[in-house]
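Reading through the structure tokens given below for one structure.
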Amino acid sequence: MRTALAIGDEELGHAKILRLDEDGQMLQYVAEGEVTAWIPSSLGRGLVDLTLEPWSQRPPSAARDVWTRWSSGRPGRPNLWADCGVEGRRFWLRTAQDHAIRRCSAPHAVAGRTYHLDGRHITDELGFYCALGEAVHGPGGYFGQDADTLIDCLCGNRGTLPDPPPTLVWHDASTARACLGVTPQTARPPTFEELVTLLTRCGVETVLA
């Protein structure tokens, strides 16, 4: 691209936009597209601002808030996702998943270990998976975002469920019991009882606290 700019080539090729954290480390892939124009940048000598015609889907507006919370890299405190809306929580899970893939983090739960799920902010299905990822892998952790990916995370590279099964202590379970699956919808989200059943079916011993 530098060569094309230097000779005034009209064909500037394509580019990817990556979101970086404060240390310059890649946080997340954002978009890809055709570079259609450029102008000298006001941000510094030798820099240019590019106009990109994206091929890929643009990130949702909620991405900005999530990226702000990940600006220093993986979050160091739990529940930073808690006051995000539906789209924010969905994008939080995507960001946590991308981070786990890049770092080759083992997604599986350790057989026989007890994990503690902070249920104070689990008001929807997405919140359940945000909290579950943090229960297993700490702040910003990922452990699935639906039933299928939960099973994949439990099985890990072994392809089998942990034996002996892990135990999940679900604290403040009354919040999820009151909020999940109570809004009438054509394709409704799972109820609290259905999520507990899913955990049991996946071989997780669940203790409600």
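Cβ separations smaller than 6 Å between residues 6+ apart or across chains give the following pairs from the stretch 114-129 residues that are more than 16 Å from Glu205 (Cα to Cα) to residues that are among the polar types (S, T, N, Q) and buried (at least 23 other Cβ atoms within 10 Å of the Cβ): Tyr129/Gln145.
Residues are listed down the side, and each one gets a yes or a no for (1) farther than 18 Å from Cys179 by Cα; (2) open to solvent by 50 Å² or more (accessible area, probe 1.4 Å); (3) over 15 Å from the mean Cα position of the chain (by Cα):
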position: Gly138; (1), (2), (3): yes, no, no
position: Asp146; (1), (2), (3): no, yes, no
position: Leu150; (1), (2), (3): yes, no, no
position: Cys153; (1), (2), (3): yes, no, no
position: Pro162; (1), (2), (3): yes, no, yes
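Look through the stretch 33-73, keep the residues that are within 30 Å of Arg90 (Cβ to Cβ), out of contact with any strand residue (DSSP E or B) (no Cβ under 9 Å at 6 or more places or on another chain) and not β-branched (Val, Ile, Thr), and return whichever of them is most open to solvent (accessible area, probe 1.4 Å). Looking at the filtered set, the residue picked out is Arg64. Here Arg102, Arg74, Arg69 are screened, and the one residue that is at pLDDT 95 or above and of a type outside the set (A, V, I, L, M, F, W, C) is Arg69. When the stretch 89-112 is limited to residues that are within 12 Å of Trp70 (Cβ to Cβ) and not hydrophobic (A, V, I, L, M, F, W, C), the one that is most open to solvent (accessible area, probe 1.4 Å) turns out to be Arg94. Pairing each residue of the stretch 159-173 that is closer than 16 Å to Ala209 by Cβ with any residue that is of a type in the set (S, T, N, Q) and surrounded by 15 or more Cβ atoms within 10 Å (Cβ to Cβ), provided the two are 6+ apart or on different chains, yields C-beta distances under 7 Å for Leu168/Thr206; Trp170/Thr206.
Listed by first and then second residue, the pairs linking a residue in the stretch 31-47 that is aromatic (Phe, Trp, Tyr) to a residue that is open to solvent by 40 Å² or more (accessible area, probe 1.4 Å), with Cβ atoms under 8 Å apart and 6 or more places separating them unless they lie on different chains, are Trp38/Val48; Trp38/Asp49; Trp38/Leu50; Trp38/Thr51.
The values are calculated or read from the model by the stated rules, or taken from the named source; none is laboratory data. Note that the coordinates shown come from a computational prediction; the quantities given were computed from them, not determined experimentally. Cβ atoms come from the backbone with ideal geometry, glycine included; neighbour counts cover every protein chain shown. The area values use the complete protein model at the heavy-atom level, side chains included, leaving out ligands, DNA and RNA. Shrake-Rupley method; radii C 1.70, N 1.55, O 1.52, S 1.80 Å.
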